[in-house]
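Below: the structure, in structure tokens.
The values are calculated or read from the model by the stated rules, or taken from the named source; none is laboratory data. Everything numeric here is computed off the predicted structure, so don't read it as measured data. Positions of Cβ are backbone-derived with ideal geometry, glycine not excepted, and every protein chain shown enters the neighbour counts.
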Amino acid sequence: MSSDESIRQERGDEAALIERARAIHGKILSIDSHIDFAPGDLTDARNYTERLETQFDLAKMIEGDLKALFFSIYVGQTRETQNPEAFKASGYERAHKLAVEKFEAVRHFTNGQMTLKELVEVIDRSILPEFTAAQARIKKLQRVPYAQASLLAGANEYLTLREESWRARSAGLRRKSLGTMRPPDETERASLEVLDRIRPAVPVAAQ
């Protein structure tokens, strides 16, 4: 089998696997049972309703179709060489204080649960502008080599579909109609299919 044939077969197998994984993912309740966080990321001034540089935030949760999560109240253990009070009463008191601080941060954040209106504002303020800006950058590209033209067109199609899906979600939430969420989900799946199509092939080792 030639190298090109191996790559095509590899991409075909990968596409089938991704499609199967998406079908399973759409039928199950996806939960992240361990979200590490810092209390500073659960304040009124800065929190996970914004797109942060952290691994988790609301935008990433929605994009990944994560249905539920558990915040982890974790306090790292130090060694005596790092902290002389590690195994003394003052060290335990410090650890307890840090744990309580995390509990209180979660309590404050969840007591002020996000309303549908606030969720719509997150979509309109944080998510949609990113896709709009990315499309604008693509439109500015000129004199693209012919070999890259289809890649550019695919990228623009991907961004257009993603923006369309998020605008539809925003509109559905405004109408308080969860039944309108299926079409945006289908549009998003279509966008991911486009993304799979334009991703560069990963060479595989010759057999």
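Per-structure values
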{"item": "Number of positions in region 79-104 that are among the charged types (D, E, K, R), in a helix (DSSP H, G or I) and modelled with pLDDT under 85", "result": "1"}
{"item": "Meets criteria (farther than 30 Å from A168 by Cα and of a type in the set (V, I, T)) for T110", "result": "no"}
{"item": "Residues within region 35-64 that are of a type outside the set (D, E, K, R), surrounded by 15 or more Cβ atoms within 10 Å (Cβ to Cβ) and within 10 Å of the chain's Cα centre (by Cα), tallied", "result": "5"}
{"item": "Selected residue (criterion: surrounded by the fewest Cβ atoms within 10 Å (Cβ to Cβ)) from residues of region 69-88 that are in contact (Cβ under 8 Å) with a residue 12 or more places away in the chain and touching an Asp or Glu at 6+ places or on another chain (Cβ under 8 Å)", "result": "F70"}
{"item": "Helices (runs of 4 or more DSSP H) contained entirely in region 126-207, each with at least 1 residues that are modelled with pLDDT of 80 or more and within 25 Å of K27 (Cα to Cα)", "result": "146-174, 182-198"}
{"item": "Filter result for R20 (touching a helix residue (DSSP H, G or I) at 6+ places or on another chain (Cβ under 7 Å), outside any strand (DSSP E or B) and under 26 Å from R182 (Cα atoms))", "result": "no"}
{"item": "Single residue of region 118-135 satisfying the filter (without any contact (Cβ under 8 Å) to a residue 12 or more places away in the chain and not acidic (D, E)) that is farthest from L58 (Cα to Cα)", "result": "A133"}
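One line per residue, one yes/no per condition, for (1) free of Cβ contacts under 8 Å to residues at least 40 places away in the same chain; (2) farther than 24 Å from E19 by Cα:
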site	(1), (2)
R137	yes, yes
K140	yes, yes
L152	yes, no
E157	yes, no
S165	yes, no
A168	yes, no
R174	no, yes
R182	yes, no
